[in-house]
Structure formats: C-alpha cells, structure tokens
Amino acid sequence: MARRRSIDDLPAHVRQWLDRALGESGFSGYQQLETLLREKGFVISKSAIHRYGQKIERRLAAIKASTEAARMLDDAAPDDRDARSGAITAMIQTELFESLVNLQEATESEIDPAERLKLLSAAAKNIATLTRSSVNLKRFQMDLARAIEQVKDEAKGHAMSAEEALERVRRLYTGEA
C-alpha cells in the first residue's frame with residue numbers, strides 16, 4: 001500500500017495557500033515554501049513540495065491547453081448565437097478532464113481498479129453524449145443558416161413578405177422544398 005503524502009495531511013486552507021503560492025512563484029522556490037510551511041507549524045520537505053507542485057503544474061498546463069484549444073476553435077468557427085451552451089459545455093468538459101486526471105493519478109490504495117473502470121466507463125458515456133449534443137446543435141445551426149441564406153438569395157429582386165420568407169426557410173430546413 002502506498003504511503004500517504006504529507007501534503008494530503010495539510011488542512012484545506014493551508015493546501016489552498018500552498019496552491020496559490022506555487023502558482024505565484026512560477027512553481028519554483030521550494031526551499032522558501034518549505035521554510036514558510038515550517039513557520040506555520042507544518043514539516044514538509046522541499047522534495048515533497050516539488051512533487052506536489054509538479055502535479056499541480058501538469059494539471060494547470062492541461063487546463064490551459066484545453067482552454068486555449070477551445071478559444072482557437074471558437075475563433076475559427078464563431079458561434080455567437082449559442083454562447084451560453086458553449087460555455088456550459090466547456091465548463092463540463094473541463095470538469096470531466098480534471099476528474100479523469102484525478103482518477104488517472106489515483107493509486108490502487110485510493111480507488112479499487114474495478115471502481116476506476118466503472119468511473120471511466122461512466123465518464124466515457126457522458127463525454128460521448130455531450131459531444132453528440134454539441135455536434136447536433138452545430139449541425140442544426142449550420143443547416144438553418146444555409147436555409148436562411150438561400151431564402152435571402154431567392155428574395156433578391158422579388159417581393160417576399162416576412163411570413164413567406166419564414167415559411168420558405170421552414171420548408172427548406174425540413175426538406176419540404
């Protein structure tokens with residue numbers, strides 16, 4: 001059975017302080033952090049702080065990379081009409097990613113392999129549902145935009161009421177055209 005990390009025994013508020021301090025120091029200055037923790041009454045080696053810092057830094061880098069990828073995707077294919085759903089999807093994706101990283105880093109003493117498999121299976125199913133939902137929404141928006149553009153082109157030079165235009169868009173979208 002793996003030994004429990006000394007940082008895991010820190011009170012939550014001290015660990016939160018350490019997380020902030022690691023980020024502010026650029027994940028360096030472990031000797032100084034060891035001294036500051038000692039002054040607070042906690043004896044944690046700089047090596048343990050370094051190992052913990054590397055883990056936090058990896059997580060932060062992964063979250064930043066996924067956030068940047070989402071931003072680049074949004075810039076390449078803007079979606080002003082569904083910003084809230086996109087933001088919710090991004091938040092859920094980030095949480096799922098963080099949970100998968102935590103699950104991957106958990107030792108056998110922390111989680112039973114059979115339980116890990118169940119959790120991974122459930123996560124995969126939920127990720128697939130989320131992705132399918134996002135793809136279907138984008139497809140709907142693209143098809144609707146295409147129908148609207150076609151009706152705009154058809155209406156050039158012809159008098160068409162708003163009701164007629166809407167009906168034409170509906171027929172094009174549903175395939176009744």
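The values are calculated or read from the model by the stated rules, or taken from the named source; none is laboratory data. What you see is a predicted model, and the numbers here were worked out from it, not measured in a lab. Every residue, glycine as well, gets a Cβ built from its backbone with ideal geometry; the counts of neighbours run over all protein chains shown. Areas reflect the complete protein model, heavy atoms only, side chains present, ligands, DNA and RNA absent. Shrake-Rupley method; radii C 1.70, N 1.55, O 1.52, S 1.80 Å.
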Query raised in the report: Rounded to the nearest whole Å², what accessible area per residue is found for the chain with the 1.4 Å probe?
Result: 72 Å²
Query raised in the report: What lysines could a cross-link reach from Lys64, if we take a straight Cα to Cα line under 18 Å and drop same-chain neighbours fewer than 8 places away?
Result: Lys55
Report summary line: Helix-only [θ] at 222 nm, the chain, -39500 (n - 2.57) per DSSP H run of 4+, per residue, nearest 500, equals -26000 deg cm²/dmol
Report summary line: At 4 °C in a medium of viscosity 1.567 mPa s, segment 101-143 has a Stokes-Einstein diffusion coefficient, with Rh taken as the Kirkwood radius over alpha carbon pairs, in µm² per second, of 106 µm²/s
Query raised in the report: How about segment 98-177: which GluC sites (Glu not before Pro) there lie in a loop by DSSP and see at most 16 other Cβ atoms within 10 Å?
Result: Glu108, Glu110, Glu176
Report task. Springs between alpha-carbon atoms under 10 Å, Gaussian network over the chain: tell me which of Ala65, Ala87, Ala165 tops the mean-square fluctuations. Result -> Ala165
Query raised in the report: So how exposed is Asp143, as accessible area in Å² (1.4 Å probe, rounded to 10)?
Result: 60 Å²
Report summary line: segment 9-53 and segment 96-143 have their Cα centres apart by a whole-number Å value of 31 Å
Requested in this report: Return the carbon/sulfur percentage of the accessible area of segment 106-171, one whole number, probe 1.4 Å, all protein chains in place.
Outcome: 60 percent
Requested in this report: Sort Tyr30, Tyr173 by accessible area with a 1.4 Å probe, largest first.
Outcome: Tyr173, Tyr30
Query raised in the report: So what does Ser6 come to for accessible area, using a 1.4 Å probe and Å² rounded to 10?
Result: 50 Å²
Query raised in the report: Principal axis lengths of the chain from Cα atoms, whole Å, largest first?
Result: 81, 38, 22
Requested in this report: Using only the Cα atoms of segment 3-57, build the gyration tensor, take square roots of its eigenvalues as a ≥ b ≥ c, and label the shape rounded, prolate or oblate: rounded if a/c is under 1.5, else prolate if a/b is larger than b/c, else oblate.
Outcome: rounded
Report task. Calculate the spin-label point distance for Ala48 paired with Thr107, positioning each point 7 Å from the Cα along the beta-carbon direction, and give it in nanometres. Result -> 1.3 nm
Requested in this report: Give, as a single signed number, the net charge of other residues whose beta carbon lies under 15 Å from the beta carbon of Ala61, with Lys and Arg counted +1 and Asp and Glu -1.
Outcome: -1
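Which net charge results for the neighbourhood of Ile111, defined as the other residues with beta-carbon distances under 11 angstrom from its beta-carbon, given Lys and Arg at +1 and Asp and Glu at -1? Could the numbers behind the result be given before it?
Details: positive: Arg116, Lys118; negative: Glu105, Glu108, Glu110, Asp112, Glu115.
Computed value for this residue: -3.
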